[in-house]
Each structure stands twice: as C-alpha cells, then as structure tokens.
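The values are calculated or read from the model by the stated rules, or taken from the named source; none is laboratory data. Only a predicted model underlies this, so the values are computations on that prediction, with no experimental measurement involved. Because the Cβ atoms are built from the backbone with ideal geometry, glycine has one as well, and the counts that use them run over all protein chains shown.
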Amino acid sequence: MSQKPPLWALAWNDQRMELQPFATLTLAVAADGLYMLGATPAGTRIVQEINEARIEGPRLSASLVGHAAADWLAIDAQGVGTFDIRMTLMTDDGAPIYLAYKGRADWSSGMGKAPVYVGMEFEAGDERYRWLNALHLFGRGQVGEGGKLVYEIYEPV
C-alpha cells in the first residue's frame, strides 16, 4: 500500500517558480569612500560608498541620485560576505525610487571571486512606479573591471 503525500507537497509541486529578466544594475564605488571598521560581532565590517549606479530594463531606467548610497558589507571568518546595500535612484522621467537589497557571496577563495546572490526590493511613491512596491526581485552579480559590480536582475512570474 503506497502512502499518499501530504497536501502541501501536492500544492507545492504544481507551483514552480520561473524567473524572467527584469533589468541590469551596474554599480561603481569610489576608492576614497571605503571604511574598514575591522572585527565586529557580524564579522569584518566594510562600509563602501557607491558613487555610480545605473539600472536599465524595459520597464525601468534610473540612475543614482544624492550621496546616501553604500554597501554595509560584513565578511565572516569563513569568507562569506553578507551584503546590505541601499540607495536612492532617479528614473529617467524624474521619479525618485528607493532600492534596498541584501545577499551573500562565498568569497572563501578570495574577495570578489564568486558571484553575489541578492534579493531586491524597491519603494516608490510616484504613481507611475507604484507597481515596483509589489515586487521582490532576485539578482546575480559579479565584480568586474575597476571594481564595478554588475547584476543581472530577475523577476518571478
């Protein structure tokens, strides 16, 4: 006699998450905006100011505005980096948008040598972009030339 799977398992099997491309986010940092805090309870804390950011996609194009943009990075004893990035963007048509995301990277073999995986959320008050408030996006980033970080961002469908 075969045992029936629990109801939650049946429901879950019918709901596979699919991702579609949403946008590309490119960040650049300033060498003079790096603050090494040293060993903290969260690990080695590094605050890195972001001086350039651009997001490009079919439904959203925006650039960094203002100076309140940084990554509050912590790297633990095993080399796992935990990212906490926040910034304000201005869309090409003049709407301010807040972007916050967190993620992880296994940098045990060297800083910047493995991809960064993140979850992203926006906050928008402008009527034209309120649809962003309902999204939770996923990204995969890689450190490139000159320390630029490029994320391919995906939306669940």
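Couple of notes before you dig in:
- Set A23, A28, A74: member being farther than 23 Å from A124 by Cβ, in contact (Cβ under 8 Å) with a residue 40 or more places away in the chain and surrounded by 10 or more Cβ atoms within 10 Å (Cβ to Cβ): A28
- Filter result for S109 (in a loop (DSSP other than H, G, I, E, B) and free of Cβ contacts under 8 Å to residues at least 40 places away in the same chain): yes
- M90 assigned to a strand (DSSP E or B) and hydrophobic (A, V, I, L, M, F, W, C): yes
- Exclusive hit being part of a strand (DSSP E or B), small (G, A, S) and more than 19 Å from V150 (Cα to Cα), set A39, A77, A62: A39
- Test: residue in segment 112-124 that is touching a His at 6+ places or on another chain (Cβ under 7 Å) and assigned to a strand (DSSP E or B): yes
- Condition check for D126 on (1) more than 30 Å from G43 (Cβ to Cβ); (2) crowded, with 19+ Cβ neighbours inside 10 Å: one failure, at (2).
- Residues in segment 51-61 include none that are among the charged types (D, E, K, R) and farther than 30 Å from R130 by Cβ.
- Picking from residues in segment 133-155 that are modelled with pLDDT of 95 or more and assigned to a helix (DSSP H, G or I), the one that is surrounded by the fewest Cβ atoms within 10 Å (Cβ to Cβ) is A134.
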